[in-house]
Every structure is written in C-alpha cells, then in structure tokens.
Amino acid sequence: MNTNKPKRGLASKGIEFYPNYTGESSKCINYLTQIGDITKGEREELDATCMDDDIEHSVAGIRKKSDAYEITFLYNAEEKTSDYQVLSELEDDAQSVPILVKMPDGAQYANSGVPSLTIKGPGVNSLVEATASYKLDGDWQRTFPQAQSNS
C-alpha cells in the first residue's frame, strides 16, 4: 500500500486568471466563475497498417494545438477597473496578450492570445455573466511549484 500519497484533489477556490500577465504587479480577474480546459493537445494517430497485418497499427504523431481558451466572469462595466472594461480594452487593441492561470497549489499555466468578449444572455433572477475567449497563439507552458522537502 502506498502510504506516502499526495493530497487528494484540489478545490477550485483560489484559482486566479490574469488576462494580460506582465509580471507580479498584474491584476487578476476580480469575479472569475469558470476557467476553460487547459490541454497541451491530443496527439494525432498515424496509420501504420501494412498489407500483411491482421489488425490495424498506428503510431503517435504530433499534437493538435489547442486553438481557444475561455473564461467566465460576473459582468460589471461601471468602473474603469471592472473586469469587463479591462478586457474590453484588450479586445479593442486586437493584439495578442500573455495570459496566466494560477492554481491554488502554486502551479502556473501560461499562454498568449487575442481576446474576444461575449455578454451571456441572462435568465430571470440571475447574475449577468460574460465570457472572454482567447484565440491561442501556441502551447501552454507549465510551471509546477517547488517540491516541499520532508526534512
């Protein structure tokens, strides 16, 4: 039996998303409610079946790039520092910006992309939400927290 198991699971409380991460002074989204899937992409499967094979064979190919990433946040555009106004400015610039997701365990996931905003149609007795979708430039870069020593 493995008696040295790592912590079981991780609650989503404390996840931070930075829409234009330029360093430690960058501001995260204030009212983040959901983040998208972070994936390095699924590998292509290349057919390697030959004429004398009885079953199909394949080899792993290159990974498909993750094209888009989406976050959801509570809408509010009353102040210049509101999430919606900050993201609107980035959308209007139509330039790729660095994005960063910080997990509660200290892991960080960085990428870059051009944001687009959508205000979701609210229902009765609900909060208005908005989404920011990023057209990603490349692969997610992962930084894991330093392992804690048991000494």
Calculate the length of the line joining the C-alpha centroid of the range 86-112 to that of the range 9-74, in whole Å. 14 Å
Quickly work out the E79-to-Q34 label distance, labels modelled 7 Å from Cα along the C-beta direction, and quote it in nm with one decimal. 2.6 nm
Going 7 Å from the Cα of D105 in the Cα-to-Cβ direction, what parts of the range 32-59 have a backbone nitrogen less than 19 Å from that spot? 35-41
By how many degrees, 0 to 90 and rounded to 10, does the Cα axis of helix 83-93 deviate from the longest principal axis of the chain? 70 degrees
Rounded, prolate or oblate (a/c below 1.5 giving rounded, otherwise prolate when a/b exceeds b/c) for the range 1-56 by Cα gyration tensor: oblate
Using only the heavy atoms of the protein chains and a 1.4 Å probe, how would E24, E91 rank by accessible area, largest first? E24, E91
Cα extents of the chain along the three principal axes, largest first (Å): 68, 49, 36
Once a ≥ b ≥ c are taken as the square roots of the eigenvalues of the Cα gyration tensor of the range 56-104, is the result rounded (a/c under 1.5), prolate (a/b larger than b/c) or oblate (a/b not larger than b/c)? prolate
How far is it, in nm, from the label point at T3 to the one at S88 when both lie 7 Å from their Cα along the line to the Cβ? 6.0 nm
In whole percent, the fraction of accessible protein surface over the range 1-78 that belongs to carbon or sulfur atoms, probe radius 1.4 Å, stands at 47 percent
Using heavy-atom solvent-accessible surface (probe 1.4 Å) with all chains present, what is the largest-first order of C28, C50? C50, C28
How many lysine pairs are close in the chain, with Cα atoms under 16 Å apart and the two 8 or more places apart or on different chains? 8
For the chain, the dipole about the Cα centre with charges only on Cβ (Lys and Arg +1, Asp and Glu -1), to the nearest 20 debye, works out at 900 debye
Return the FRET efficiency for the residue pair S58, R142: r is the Cβ-Cβ distance, R0 is 30 Å, and the value is rounded to the nearest 0.05. 0.65
Distance in nm between pseudo-label sites at T118 and A11 (7 Å out along the Cβ direction from Cα): 3.1 nm
Given the DSSP H assignment, sum -39500 (n - 2.57) over each helix run of at least 4 residues in the chain and divide by its residue total; what's the result at 222 nm in deg cm²/dmol, nearest 500? -2000 deg cm²/dmol
Keeping every protein chain present and rolling a 1.4 Å probe, give me the accessible area per residue for the chain in Å². 73 Å²
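The values are calculated or read from the model by the stated rules, or taken from the named source; none is laboratory data. Predicted model only: the values in this text are computed from it and were never measured. A quick note on method: Cβ atoms are made from the backbone with ideal geometry, for glycine too, and the neighbour counts reach across all protein chains shown. Only protein heavy atoms, including side chains, enter the accessible area calculation; ligands, DNA and RNA are left aside. Shrake-Rupley method; radii C 1.70, N 1.55, O 1.52, S 1.80 Å.
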